[in-house]
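The values are calculated or read from the model by the stated rules, or taken from the named source; none is laboratory data. Since the structure is predicted, the reported quantities are computational estimates derived from the model, not experimental observations. Reconstructed Cβ throughout: ideal geometry from the backbone, glycine too, with neighbour counts over all protein chains shown. Protein only, heavy atoms only, side chains kept; ligands, DNA and RNA dropped before computing areas. Shrake-Rupley method; radii C 1.70, N 1.55, O 1.52, S 1.80 Å.
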Amino acid sequence: MKLGFIGLGIMGTPMAGHLRAAGHELYVHTRSEVPAVLAEAGAVACANAKEVAQKADIVFLMVPDTPDVQKVLFGENGVASGLSRGKTVVDMSSISPMETKAFARQINELGCDYLDAPVSGGEVGAKA
């Protein structure tokens, strides 16, 4: 599958690595440099979240807080600007349920699915 992953921190990097190790095409973006472990595994670094959304069929978000999700989705060169009908956004951030519902409505209006899938377990869980 063509998968996108945005947010390559202590949890995002191992999670994205599992997707790549499973053989999926992986398009990634993060605020800082893409971790070497992902680049060496063949993940494709993208200039911004929009590019990730243009290239991937499913886009995973693993960012810290509600304002971060909003910026990644709807900011300049955000995910929403790169989506086309039928794509899916999976938000694994632990954020405001009210805002999550609003984000989902906006993504749904673009003809795409939005899944709220918050995770726990920290770095140990992500690696496992």
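Some observations on this one:
- Fraction of alpha-carbon pairs over 22 Å apart in the chain - percent: 27 percent
- Near-label residues of region 46-65 by backbone N, under 17 Å of a point 7 Å along Cα→Cβ of residue 33: 46-47
- Solvent-accessible area, 1.4 Å probe, carbon plus sulfur percent, for region 30-78: 49 percent
- Set 101/127; 55/101; 50/87; 71/101; 50/127; 2/87 screened for pairs whose C-alpha atoms are more than 20 Å apart: 101/127; 55/101; 50/127
- Solvent exposure of the chain, expressed per residue, is 52 Å² of accessible area, with all protein chains present and a 1.4 angstrom probe.
- Packing here is the average count of other Cβ atoms within 10 Å per residue, and on that basis the peptides 6-15, 20-29, 35-44, 59-68, highest first, run 6-15, 59-68, 20-29, 35-44.
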